[in-house]
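A short worksheet on the structure shown next.
The values are calculated or read from the model by the stated rules, or taken from the named source; none is laboratory data. Just so it is clear, the structure is predicted and the values come from calculations on it, not from any experiment. As a convention, Cβ positions derive from the backbone with ideal geometry for all residues, glycine included, and neighbour counts pool all protein chains shown. The accessibility values were calculated without ligands, DNA or RNA, using every heavy atom of the protein model including side chains. Shrake-Rupley method; radii C 1.70, N 1.55, O 1.52, S 1.80 Å.
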Amino acid sequence: AGGAPAVPLHAERPRLVGLDDGTVLRGRASLRDGRWIVRTRGGRRELDARDVRWTELERDVLDDLRDRRRRTDRDDRDARLSEVRWMIAHGLATEALETLDELLVRDDTADDAYALLTRTDWPDRVRVPRADDDDATDTVARLLRTASRRDAAVQELAIAGLVEYGARHRNELERLLREAAASEDADRRAFAERALARLFPTSR
């Protein structure tokens, strides 16, 4: 009594859908004839119900998050990071990134927040281009354009994506970043300086 009526599984609603491999899909989902149909920003997915470990209505998960936030001391870093881990496990990538961004803005040397950020397998919608050996100069330039307009957490993801390329092409990457650090574009310049501090701390 007094609670919201149960939403049948066949009704298409915003849901979080957890798969056996640990992936969590976020989108409008419904169960039809033993298969989950999930419409995400990346397109439509059709899944055998046996491959789905759990599902929750998005509104219920967001209600749980609000309750957790009310109980969490906003100045307690460990509690905030625990909150982020919970968000990631429940498919709330956007909200997790927002919290990590806040923590990194407060302290961009925070190794615990940085490690959680870079070791998480984020959904495609929050990823940025990675630099590789195919036309690397163009790829790095595109990454600079994309990442420089994003928040601190996504910028750190972009920088982490440059690590492997930098191991193979250190001089080229440093040259490109130093050119960007001299740019008249303030966002591009700030991102390049952040990347240089992360990737080439002893060269500054």
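Do we have residue 47 as closer than 23 Å to residue 117 by Cα and at pLDDT 95 or above here? Before you say what the answer is, go through the steps one by one.
Working: closer than 23 Å to residue 117 by Cα: no; at pLDDT 95 or above: yes.
It is false that residue 47 is closer than 23 Å to residue 117 by Cα and at pLDDT 95 or above.
Could you check residue 183 against (1) more than 24 Å from residue 18 (Cβ to Cβ); (2) part of a helix (DSSP H, G or I); (3) modelled with pLDDT of 80 or more; (4) of a type in the set (Ser, Thr, Tyr) and say which number it fails?
That leaves (2) as the condition not met.
Would you check if residue 40 is under 27 Å from residue 112 (Cα atoms) and surrounded by fewer than 17 Cβ atoms within 10 Å (Cβ to Cβ)?
Details: under 27 Å from residue 112 (Cα atoms): no; surrounded by fewer than 17 Cβ atoms within 10 Å (Cβ to Cβ): yes.
Judged against the criteria, residue 40 is not a match.
When you go through 49, 6 one by one, which is the residue that is open to solvent by less than 80 Å² (accessible area, probe 1.4 Å) and over 17 Å from residue 92 (Cα atoms)? Working first, answer last.
On the way: 6 fails: open to solvent by less than 80 Å² (accessible area, probe 1.4 Å).
Criteria check complete, one pass: 49.
Look at segment 171-196 and say how many of its residues are under 15 Å from residue 155 (Cα atoms), hydrophobic (A, V, I, L, M, F, W, C) and surrounded by 15 or more Cβ atoms within 10 Å (Cβ to Cβ). I'd like the intermediate steps shown before the answer.
Going through segment 171-196, the residues under 15 Å from residue 155 (Cα atoms) turn out to be 177, 180-181, 186-196.
In the following step, the residues that additionally are hydrophobic (A, V, I, L, M, F, W, C) were identified as 177, 180-181, 186, 190-192, 195-196.
This time we only want the ones that are surrounded by 15 or more Cβ atoms within 10 Å (Cβ to Cβ), so: 177, 180-181, 190-192, 195-196.
Qualifying residue count for the region: 8.
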